[in-house]
Amino acid sequence: MSPGATRREGSLTLAERYPTAGLTLLAARVDSGVFGPVDPTEQQLTEFWTEVDGIVATLNSSVRGWARLRARHSVRSFLASWSARTQHRARPLRPALRKPRSPRLTTLAKKWRRTT
C-alpha cells in the first residue's frame, strides 16, 4: 500500500490479498460515517465494531501465529515517523532560508575582526 493512499485505495489493495474479508464495504461504511451528513447512531457504531471484529478474525485466520504476532506488534509506523522527524531535524538550513544579518551585526563583526 502506498503512503498517502486513501481509505478506498487501501481497501482495494488489501482486497486483492483478502477477497473474502469485506474490506471495501468496510471502507465505504467508514467514509459514509465520517463524511456523511449525519453522525452514526450508537446502534450503527456497535454494528460497525462487530463487523470490524469479524474482519480482524478473518484476517487473523489466514496467517500463522508468528505472522499475527508480528503484525499486531509491528513498530514500522513508529519507525517511519521517527525517521521522518530525524531527517527533518538533520537537514541544514539552506543559505536562502537563513535570516539576513542586520547591518549593525555585520558592522560589529567587521570591527571585532579588525581588533583581534
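Read-outs: derived from the displayed coordinates by stated rules, not from any lab. As the structure is a computational prediction, the values presented were derived from the model and not from experiment. Positions of Cβ are generated from backbone atoms using ideal geometry, with glycine treated the same way; all protein chains shown enter the neighbour counts.
For the pair Thr50 and Ser62, how long in nm is the line joining their label points, each one 7 Å along Cα→Cβ?
In this crude label model, Thr50 to Ser62 measures out at 2.3 nm.
Compute the Cα gyration tensor for the range 1-40, then decide on rounded, prolate or oblate, letting a ≥ b ≥ c be the square roots of its eigenvalues: rounded whenever a/c is under 1.5, prolate when a/b is larger than b/c in the other cases, and oblate in all that remain.
oblate
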